[in-house]
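Enquirer: Here it is: the structure, laid out below.
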Amino acid sequence: MKFSALGIILVLIGGLIPISIAQNQSNGQYLEEQSNESMAGELIAQLTKLSEFVESRIRPIKDKLPQNTLENYKKAEDLREKASLEYQNGEYQNAIRDALLAMKYYKEILRGLKETESTEMLREQMNEEAERIIASFSYVEKVIKVAEKEGVNTEGLIKAYKETKDAYRTVLEALKAKKIEDAKRNMEIARMKRAELNRELEKVLRELASRNAERIVNSFLVKTKQGIAAAEVMVENAKTRGMNVEEAEQSIERIKNIYIKVESLAKEGKWIEALGVIRENSHQIQKFFRTIERVRRESMNIKETLEELRERIKKDTTAIAILKKKGINTARAEVQLKGAVNELSAAIVSLKRNDISNAIVHIQRAERLLAEVEEFIRANS
């Protein structure tokens, strides 16, 4: 099977740019969504268990903890909530990344706690770590698969992956046999193997990025341009509803500046430099898409709005017919009503094409036309 640019981008997405930039659903998903969903679901379940465990440890001594531990705890909790929301929204790659990052903070918290761990508690911690790392191996396997198709040398990565996998399985076997001391020694070995795996993985990801910089940058430009257009429409719509959109407007300005820099480098054929700008600003890019998504959800639920428009059109059609029978001139209102129907149809077509910004434009036009029709109906009823 031939690997598309989308497939490469989706694999690189975990460490470079947010999935919302690169994903193009009209081309299909290169990496099986079901696999990503399963992996994200497993990580969210593990993360929930880990959160409950850490909370039970912190609660009795919270007022005695140092500030850095409390800050790490807040970061972990925020990331856990963010990962859960991303999972619910189908953003599985983002959920995987943020779940793993939340786990990292929880782990740092546990390390910071000074009390002596009981044998059972230590066993649970090691078991959780081993299962969590093993669950993350499917991402490494995807990277290896794409890299091999691209001709990237994966010998070091495959070796580190197999050794790390075996090391963590050895930990689980020792824990199952209740050989805690053996498990502790094996865990140290497994962590060293994992550090080597991370180094090899980074090498391969950077090589893939360098080889496919042009495709990644072009994907960024296309998706970000669409995102900015949609964001501007949504922000204007939110303003008419009295929402505070200051944060969204600031985010749009920042992403525009990033877009201009990347576009300028791309026009000069400086693909590696352009990719570097994307990497350097990945946090701002992710924040932009999160902010705009929040505004979109708050400003309107498109499907519900379409259904409301359908119902309004039905009622207004009946009302206009009644007024017409009374001898009232309804010609202008009929034209406006027909225009609203056309705008509703256009919005549905845009939505099917996943062109959210255009759908919102047609919805707004339909709402304005119906408002005039309904004003005419009230004035003549």
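The values are calculated or read from the model by the stated rules, or taken from the named source; none is laboratory data. None of the values given here were measured: they were computed from a predicted structure. Every residue, glycine as well, gets a Cβ built from its backbone with ideal geometry; the counts of neighbours run over all protein chains shown. Keep in mind that these areas ignore ligands, DNA and RNA; they rest on the heavy atoms of the full protein, side chains included. Shrake-Rupley method; radii C 1.70, N 1.55, O 1.52, S 1.80 Å.
Enquirer: Tell me, please, whether a residue that is modelled with pLDDT of 90 or more and buried (at least 19 other Cβ atoms within 10 Å of the Cβ) can be found in segment 109-116.
Expert: no
Enquirer: May I pose another question? Taking ALA177 as the residue in question, decide whether it is small (Gly, Ala, Ser), exposed (fewer than 15 other Cβ atoms within 10 Å of the Cβ) and farther than 30 Å from PRO60 by Cα.
Expert: On the way: small (Gly, Ala, Ser): yes; exposed (fewer than 15 other Cβ atoms within 10 Å of the Cβ): yes; farther than 30 Å from PRO60 by Cα: yes.
So ALA177 fits the description; yes.
Enquirer: Just checking, which of THR170, THR164 is farther than 14 Å from GLU124 by Cα, in contact with a Leu (Cβ under 8 Å, 6 or more places away or on another chain) and free of Cβ contacts under 8 Å to residues at least 40 places away in the same chain?
Expert: Numbers: THR170 fails: in contact with a Leu (Cβ under 8 Å, 6 or more places away or on another chain).
So the residue among THR170, THR164 that is farther than 14 Å from GLU124 by Cα, in contact with a Leu (Cβ under 8 Å, 6 or more places away or on another chain) and free of Cβ contacts under 8 Å to residues at least 40 places away in the same chain is THR164.
Enquirer: Sticking with this structure for a sec: So how many residues does segment 246-256 have that are crowded, with 20+ Cβ neighbours inside 10 Å and at pLDDT 90 or above?
Expert: Here the count works out to 1.
Enquirer: Does at least one position in segment 335-344 carry a residue that is under 31 Å from the mean Cα position of the chain (by Cα) and outside the structural domain of THR224 (by the TED database)?
Expert: Within segment 335-344, one or more residues are under 31 Å from the mean Cα position of the chain (by Cα) and outside the structural domain of THR224 (by the TED database).
Enquirer: Here's something else I'd like to know. When you go through (1) at pLDDT below 50; (2) closer than 19 Å to ALA102 by Cβ; (3) among the small types (Gly, Ala, Ser); (4) open to solvent by 50 Å² or more (accessible area, probe 1.4 Å) one by one for GLY14, which number turns out not to apply?
Expert: (4)
Enquirer: Hey, another quick one. Any residue in segment 191-214 that is farther than 30 Å from THR170 by Cα sitting within a Cβ distance under 6 Å of a residue that is assigned to a helix (DSSP H, G or I) and open to solvent by 80 Å² or more (accessible area, probe 1.4 Å)? List the pairs, counting only those 6 or more apart or interchain.
Expert: Between residues of segment 191-214 that are farther than 30 Å from THR170 by Cα and residues that are assigned to a helix (DSSP H, G or I) and open to solvent by 80 Å² or more (accessible area, probe 1.4 Å), the close pairs are ALA213/ILE272.
Enquirer: If you don't mind, there's one more thing I want to ask. I need the full set of residues from segment 203-227 which are farther than 30 Å from ALA160 by Cα and open to solvent by 90 Å² or more (accessible area, probe 1.4 Å), in order please.
Expert: Of everything in segment 203-227, those that are farther than 30 Å from ALA160 by Cα and open to solvent by 90 Å² or more (accessible area, probe 1.4 Å) turn out to be LYS225, GLN226.
Enquirer: Would you mention how many residues in segment 51-84 are among the hydrophobic types (A, V, I, L, M, F, W, C), outside any helix (DSSP H, G or I) and over 12 Å from LEU110 (Cα atoms)? Give the steps one after another, and end with the answer.
Expert: Step one: list which residues in segment 51-84 are among the hydrophobic types (A, V, I, L, M, F, W, C), which gives 53-54, 58, 61, 65, 70, 76, 79, 83.
Imposing the further condition that a residue be outside any helix (DSSP H, G or I) reduces the set to 65.
Of the ones still in play, those that are also over 12 Å from LEU110 (Cα atoms) are none.
Result for segment 51-84: 0.
Enquirer: Just to be sure, is THR154 of a type outside the set (Phe, Trp, Tyr) and open to solvent by less than 20 Å² (accessible area, probe 1.4 Å)?
Expert: yes
Enquirer: A further question on this structure: Which residue is modelled with the lowest pLDDT, if the candidates are limited to segment 32-81 and must be surrounded by 14 or more Cβ atoms within 10 Å (Cβ to Cβ), over 20 Å from the mean Cα position of the chain (by Cα) and among the hydroxyl-bearing types (Ser, Thr, Tyr)?
Expert: Among those residues, the one meeting the criterion is THR69.
Enquirer: Output the residue which, of all residues in segment 193-222 that are over 20 Å from VAL152 (Cα atoms) and small (Gly, Ala, Ser), is modelled with the lowest pLDDT.
Expert: SER219
Enquirer: Of the residues in segment 173-189, how many are in contact (Cβ under 8 Å) with a residue 24 or more places away in the chain and touching a Ser or Thr at 6+ places or on another chain (Cβ under 7 Å)?
Expert: Here the count works out to 1.
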